[in-house]
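The values are calculated or read from the model by the stated rules, or taken from the named source; none is laboratory data. Values in this document were obtained by computation on a predicted structure and should not be read as measured data. When we count neighbours, we look across all protein chains shown, and the Cβ atoms used for this are built from the backbone with ideal geometry, even at glycine. Quick note on the areas: whole protein, heavy atoms, side chains included, nothing else; ligands and nucleic acids left out. Shrake-Rupley method; radii C 1.70, N 1.55, O 1.52, S 1.80 Å.
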Amino acid sequence: MRQMACSLIVYHRQIHSLASASEQQHGKIETMSKSRLLYNTISIMLLALIIGALSSLASIAFVSSVAWLSKILLVSLETREEGIQSILELGIFFLVPVAGGLAVGLILKDLPEGRPESLVQTIRMSQSMVFKPSYKNAFRTAIASVATLGSGASMGQYGPVSHIGATLGLATERAGGKFGFTSNMGIGCGVAAAISTVFNAPIAGLVFAHEVIIRHFSLKLFAPIAVASVVGYLFTNHIFDRHQVFHVAEVGAIKPEEFLVFALIGVAGALIAAAFVRMMLYFTDVSRHMNIPVWLKPSIAGAGVGLAGLWVPETLGVGEQVMQKVLVGPGYPGTELFIILVIKLLMTAICFGFGMAGSVFSPSLLCGIVFGALVSIMSASVLGTHYSSATPYMVCGMVALVGPVMGSPLTVILIVLELTRNYDLAVAAMVSAVFANLIGYRLIGRSMFDAQLARQGLDLSKGREKVILSDRKINACISDEFSVLNGETILSKAKQVILDSGKTDLYIVDDGRRYLGFITLNEIDHIERDGLDLSKLLCKSHCTGQIVFTPEMSIWEAMDRIRDFAGESLPVVDDKDGNRLIGVIYEASLITAYVKSLEDARREEHGEG
């Protein structure tokens, strides 16, 4: 009994010793895990800071280059307002945009359709989580954008700087993959820093990256993007001391009655935005159907800009100086405002359609402010003493036009708040934004980017899951582990091949390995039970199977095709080579790829991994 008691005591001590060792090991692992987490967090924040600095510097360099080129090429507003002094100046004023268009065409001629890259590609990568940037094409687009804007084309600079920032973010992301820095982090940091820099608005930069590009608010992405946006603000506001995009005149006390007008501005702005987007898409179609070299097409837009600039110089270039004249003074008469609005919208649509590089953010800002100024003139005569001042109307017009075009109502409201520091103006802008985006969504969808992606076969309104699955191909799931026989083989041999392989499906091809169909062991057994002689029947006469895949098919399309399929695998054929059988996809592999794609999105959105 005593011996048993001693054994129990020894056993208890051994168990206690093992438990203590286990606890110590667990503590070490937990300490290492916390240390690793801290290291990863610090590394991610440092990378965000680096991307913010690079994006901010690139944005400042881009904007400065455009301003310098505009000045030396005589397309700035001050130069044009002096008037045409000679026939030589007349020729220069007209030919500069044409030459700029020709330069753009030559720079971009090797890109798809000879068109520049834009935030459309950035949004597609972010939403599909298929990150394949072309740094060469991005560089060419940046140079072409400087040439476009510097020669006076009616395009904007905020899209190009955002695209540059996103590209820098993706390039830097490669160094951070080992500690959890993702591609969408890089994109968000670059875009946020660029917008923060050019607008002097860090909160708007943070929101723009989430609202327009990433399109969901992720805890995992929020902190690094916020850091990059603040870095952009510090660079532009404290290191380089650059001026704001626009200032506003003194704002009178906004009357309650005016909020009805602000709502109407939102409705009218949405209609203008819808017409603007459709004009851009129309001229894009016109350009594509023109049977001329792609590198000549931007010069056609340049010719239109050159002619318009001789008559209405306010329509040239980015338009910041015109914005300031309208917002602060001395302003323009109502007739001139209407002409500027119509010509600016038309020229921007033509430049966009014919492949000039740049964005439509800046033109939308200008046109919105001009539209608001027109409404303020009419409201002053109608409202009388209930009219406050022109500034709220111009700000509401800007929000009402930019929000539906760019799909960024929150961003524009925050830009108003950050640049004016006026809460009442932000509230007025919010009213217009609500009505503008309600109407705009019904007419053109979420934004012009979505309209362009829809033309590429990518409908973002169907949800992010479909986008991810539509951009991921099945070629990674293709297997070469399958049984195949020539169609001239008899069924008895086919049965033996299936039994020997352990598979349930046997694929049948002709002499050129072109796919004819497949046959299963159950089908052969059924034929045999019907009393038919398997040694006298050929495989090609009894194979079935209408569902086939191609290597470039998306996971989404493949999953849709197998909805009613019951089997082990499906054939993959080369439809460009007479349906030659190149492999099979097992249903389990396809489902695994489907689940993994959704897990990748969930992991990013919820901050896991």
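Structure values in brief
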{"item": "Residue match in the range 368-391 (condition: modelled with pLDDT under 95, open to solvent by 10 Å² or more (accessible area, probe 1.4 Å), within 30 Å of Ala138 (Cβ to Cβ) and not acidic (Asp, Glu))", "result": "no"}
{"item": "Where a residue in the range 399-410 is open to solvent by 10 Å² or more (accessible area, probe 1.4 Å) and its partner, wherever it lies, is of a type in the set (Val, Ile, Thr), with Cβ under 7 Å and at least six apart", "result": "Leu410/Val207"}
{"item": "Some residue of the range 133-150 being within 19 Å of Phe449 (Cβ to Cβ) and aromatic (Phe, Trp, Tyr)", "result": "no"}
{"item": "Candidate set: the range 239-267, residues that are among the aromatic types (Phe, Trp, Tyr) and open to solvent by less than 40 Å² (accessible area, probe 1.4 Å); chosen: the one nearest to Val431 (Cα to Cα)", "result": "Phe262"}
{"item": "Residue check for Ala209: touching a Gly at 6+ places or on another chain (Cβ under 7 Å), open to solvent by less than 60 Å² (accessible area, probe 1.4 Å) and touching a residue at least 12 places away in the same chain (Cβ under 8 Å)", "result": "yes"}
{"item": "Conditions (1) farther than 17 Å from Gln244 by Cα; (2) open to solvent by 10 Å² or more (accessible area, probe 1.4 Å); (3) in a helix (DSSP H, G or I): number failed by Leu417", "result": "(1)"}
{"item": "Criterion (surrounded by fewer than 24 Cβ atoms within 10 Å (Cβ to Cβ) and either touching a strand residue (DSSP E or B) at 6+ places or on another chain (Cβ under 9 Å) or in contact (Cβ under 8 Å) with a residue 24 or more places away in the chain (or both)) met by exactly one of Val328, Val318", "result": "Val328"}
{"item": "Single unsatisfied condition, Ser470 versus (1) modelled with pLDDT of 85 or more; (2) over 22 Å from Gly567 (Cβ atoms); (3) among the hydroxyl-bearing types (Ser, Thr, Tyr)", "result": "(1)"}
{"item": "Meets criteria (crowded, with 24+ Cβ neighbours inside 10 Å and closer than 15 Å to Val231 by Cβ) for Gly159", "result": "no"}
{"item": "Filter result (free of Cβ contacts under 8 Å to residues at least 60 places away in the same chain, of a type in the set (A, V, I, L, M) and outside any helix (DSSP H, G or I)) within the range 240-293", "result": "Met290, Ile292"}
{"item": "Test: Val405 is within 16 Å of the chain's Cα centre (by Cα) and over 24 Å from Ala601 (Cα atoms)", "result": "yes"}
{"item": "Answer from Leu521, Leu534, Leu538 - the residue that is out of contact with any Gly (no Cβ under 9 Å at 6 or more places or on another chain) and touching a residue at least 40 places away in the same chain (Cβ under 8 Å)", "result": "Leu534"}
{"item": "Residues of the range 46-92 satisfying the condition of being in a loop (DSSP other than H, G, I, E, B), β-branched (Val, Ile, Thr) and either open to solvent by less than 50 Å² (accessible area, probe 1.4 Å) or under 20 Å from His243 (Cβ atoms) (or both)", "result": "Val75"}
{"item": "In the range 453-495, the residues that are part of a strand (DSSP E or B) and closer than 20 Å to Ala601 by Cβ", "result": "Lys473"}
{"item": "Every residue from the range 286-309 that is under 30 Å from Gln85 (Cβ atoms) and open to solvent by less than 60 Å² (accessible area, probe 1.4 Å)", "result": "Pro298, Ser299, Ala301, Gly302, Ala303, Gly304, Val305, Gly306, Ala308, Gly309"}
{"item": "Ser118 being of a type in the set (Ser, Thr, Tyr), open to solvent by 20 Å² or more (accessible area, probe 1.4 Å) and over 34 Å from the mean Cα position of the chain (by Cα)", "result": "no"}
{"item": "Filtered residue count, the range 453-507, keeping only those that are closer than 30 Å to Leu532 by Cα and without any contact (Cβ under 8 Å) to a residue 12 or more places away in the chain", "result": "4"}
